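One structure is given here, and the rest of the page talks about it.
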Amino acid sequence: MTRDKRDEWYPVAIAAMLPPARGRDTLLLGEPIRVRAGDSGPQVETAEGRALPVTIAYGHVWTCLGTPGDLFPIPEAAQPGRRLVDVGMVRVKCSPLRAVENFLDIAHFPFVHTDILGSEPHTEVYRYDVRIRDEVDEVWATKVRFYQPQAAKSAEGGIETEYMYRVPHPTCSVLYKTSPPMPGEWDVIALFVQPLTEELCDVWPWMALYDDASSMAEMIQFQQMIFLQDRSILENQIPRRLPLDPGMESPTRADLTSIAYRRWLKRRGYTYGAQLVAA
Amino acid sequence: MILYDYVLSADCYAVRLLAALTGQRLETRAVDFYPGAAEKGAAFRAINPAGTLPVLVDGEVTLAEPAAILMYLATGTSFAAEGASAQEWLARSRHFAAALGGARQHDMLEVPGDIDALRAEGSLWLRILEAALFEAGEEGCGFLLGDTPTIADIAIFPHVALAPDGGVELGAWPRIRLWMRRLRALPGFIEMPGIHRLHDLKPEPGPDYGGAAA
Amino acid sequence: MSVSWTPVALTPDLPPGGAVPVRAPWGELVVWRSATGRLSCFPERCPHRGMRLSHGFVRGEMISCIYHGWRYDTAGQCRKIPAHPDLEPPAAIRVHSYPVAEAGGLIWIAKTLPESAPPETGAEPLRSLVIASPASAVTEAAGVVPGVPGPVSLPDLAAPLILALQDMGEETAVHALITPADSAARIAASRALEAFRRAVEAEEIAA
């Protein structure tokens, strides 16, 4: 099931914070575009002045250079009682695909998010299930468990957290994790990535959390803290692009989600930001 | 003491770091600097009319200049430093912040700026720091003002350690690397995003390593 | 070029437990020193996910990648994968180990083991700095070529410094050594070196 990269929706702004007047000059798949607040909502146009399709979902303005289909659903976004958090954009000098893959990884928690999402000696990644759900054309990892010293802003002390990961779009991922104040429910944390070029991306994290205690600023900054810990990793991976050649890197059983993601990208023909042959 | 704080701010981190190193408790209040620009809003300007972070409030005292906050917290501790040399480094920390911090904001948060000029200016200040650390080392000192760390080190360190966020790499600065390592190894040291834990200091987990999660 | 030794750092700038990135003519590398003082030189990328190993950490006789904590011994063999604590890492998970040596106050690396040992300098380490000019320009100003430490007289210094140049493409690392001197003389030498750098970068001098 291949789809042209130009036919995907991509995030380009926070809907509630539209750049006024002059707008935001940015890139999408290497093409210059401008995002601005129009009279009847956000407008996106190319350098030649061609108006691009726009949709608003999950706190963000999304656009498309080609012919868009439906944006993937996040049903939890509409559930009452959740607080929706626009975390803001962070630019990273890496392939958009590397940003997504890192988001799917748990084995780095003890070393990169030390004493927050993981800590030695609790480094083991237990078996979990991964499959490509053909009916929705998404990658799903389930029954992922990890010991976390401070799983969320709302967490007090360490808990074993359960995760589900979902890749519904080549540059977007949604994770579901145990909600510390609502153990029967899942907190939703999404990573929406705007590919500027194959080696540069703007990452727009977004969350739908059960948390009545934290201020909005606290929730935003908790997630910014986590993502900025990842940024210094992402900017130091060699090569910048995500290798799809299996010989280039050495995955283990802990990397099943990433293996499935890479396979799914290949199958979809999504290679923007990928390195196909070993350098 | 209340610190109006932004988690990604190097200057806010300097305050949190000094408090941690000196065993002082801060009550942090997160201010939505980004993306919300809350420090420019009316509510925050009632606390600091200048609309900047960090701000430290301790009873009747309100301080909003990073160097002044560090001096305040360091009073009566081994991190206190007075005199012209201390002032020189505290003032220089503003140049580090403008250049390296400016490059960081440009590369990370899409803040406009002349990135080549910011990085060049940042490298100039790193050269000055590298030379100063060499000379301090020749005098038997591991830190900028002596053989123990002071607010001079704390004021400069965050901007230097976060320089790679703005595309200024630290591989070619041996004295700076060793100085940062000494600071990161101090008892009570805390990290911020972009400055990883010195995992070397933690012993290798034992035979039961990775065993059943708690 | 690749069969000779390349100076990459002064000995005291890489103490036990340290790891530094190195730009060699044949690629990006990490040089690190174990707790017992043993030097190793590997390619910069961890084979797992490509992370730079110079960002990693050294515990005892192993270097760990900062990303997932994969541990490599001084020969480059992966010894531990923390995500799978009970797994003995397969022999195939290893990084190449390049020759590395210590001589004359300098740390040297090579792509393949040269026939002779790196040269002695008869001097003590002063400091390293990077000049934002290609090696050819530094050679023209200093009269020494990359890889071969030699005496260079700088203005206002009583004795020449020994400079070892490291070609890094657009930039050049200068590893400076000095005959035994007191701290005032060493500080004066450091300042003369700074002035030399400014002059080379401004293209003001030639040997």
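The values are calculated or read from the model by the stated rules, or taken from the named source; none is laboratory data. If you're wondering where the values come from, they're calculated on a predicted model, not measured in any experiment. Cβ atoms come from the backbone with ideal geometry, glycine included; neighbour counts cover every protein chain shown. The accessibility values were calculated without ligands, DNA or RNA, using every heavy atom of the protein model including side chains. Shrake-Rupley method; radii C 1.70, N 1.55, O 1.52, S 1.80 Å.
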Just to be sure I understand: if you take the accessible area of chain A alone plus chain C alone and subtract the pair, with a 1.4 Å probe, what total do you get in Å², rounded to 100?
2100
Overall form of the range C:6-109 per C-alpha gyration tensor (a/c, 1.5; a/b vs b/c):
prolate
Angle between the Cα long axis of helix C:183-201 and the longest principal axis of chain C, 0 to 90 degrees, nearest 10?
90
Hey, got the average number of other protein chain Cβ atoms within 10 angstrom for residues in C:43-50?
6
Taking A:Lys153 as the anchor, which lysines have their alpha carbon closer than 22 Å to its alpha carbon, excluding any fewer than eight residues away along the same chain?
A:Lys177
Loop-located GluC sites (Glu not before Pro) in the range B:1-105, at most 12 other Cβ atoms within 10 Å (DSSP):
B:Glu60, B:Glu82
Would you work out the charge dipole size for the range B:73-134 about its Cα centre, treating the Cβ of every Lys and Arg as +1 and the Cβ of every Asp and Glu as -1, and quote it to the nearest 20 debye?
140
Charge-dipole axis of the range B:84-184 as Lys and Arg at +1 and Asp and Glu at -1 on Cβ define it, positive-most pick from B:Pro164, B:Ser93, B:Gly142
B:Gly142
Point-charge dipole on Cβ atoms (K/R +1, D/E -1) for the range B:118-178, about Cα centre, debye to 20
180
Over chain B, what relative contact order in percent results from Cα pairs under 8 Å that are six or more residues apart?
23
Go ahead and estimate [θ] at 222 nm for chain C from helices alone: -39,500 (n - 2.57) per DSSP H run with n ≥ 4, summed, over the residue count, rounded to 500.
-4000 deg cm²/dmol
Taking the Cα centre of the protein assembly as shown as the origin, how large is its charge dipole in debye, to the nearest 20, when only Lys and Arg (+1) and Asp and Glu (-1) carry charge on their Cβ atoms?
1060
Fully extended, how many nm does the chain gain between C:Glu61 and C:Glu115 (0.36 nm per residue separation, minus their Cα-Cα distance)?
16.7 nm
Length-normalised contact order of the range C:6-109 in % [C-alpha pairs under 8 Å, at least 6 apart]
25
Cut-off under 26 Å on the C-alpha distance; same-chain residues fewer than 8 positions from A:Lys93 excluded. Which lysines are left, in chain and number order?
A:Lys5, A:Lys266
If the cut-off is 13 Å between C-alpha atoms, which aspartates and glutamates fall inside it for B:Lys202, apart from same-chain ones fewer than 8 positions away?
A:Asp115, A:Glu120
Please identify, among C:Thr121, C:Thr179, C:Thr36, the residue showing maximal mean-square fluctuation in a Gaussian network model of chain C using a 10 angstrom Cα cutoff.
C:Thr36
Report the one residue of A:Leu265, A:Val139, A:Leu209 whose Cα lies farthest in the direction of the positive end of the charge dipole of chain A (charges on C-beta: Lys and Arg +1, Asp and Glu -1; origin at the Cα centre).
A:Leu265
Among rounded, prolate and oblate, which fits the protein assembly as shown when a ≥ b ≥ c are the square roots of the eigenvalues of its C-alpha gyration tensor, a/c under 1.5 means rounded, and a/b larger than b/c means prolate?
prolate
Cysteines without a disulfide-compatible neighbour (Cβ-Cβ under 4.7 Å), chain C
C:Cys41, C:Cys78
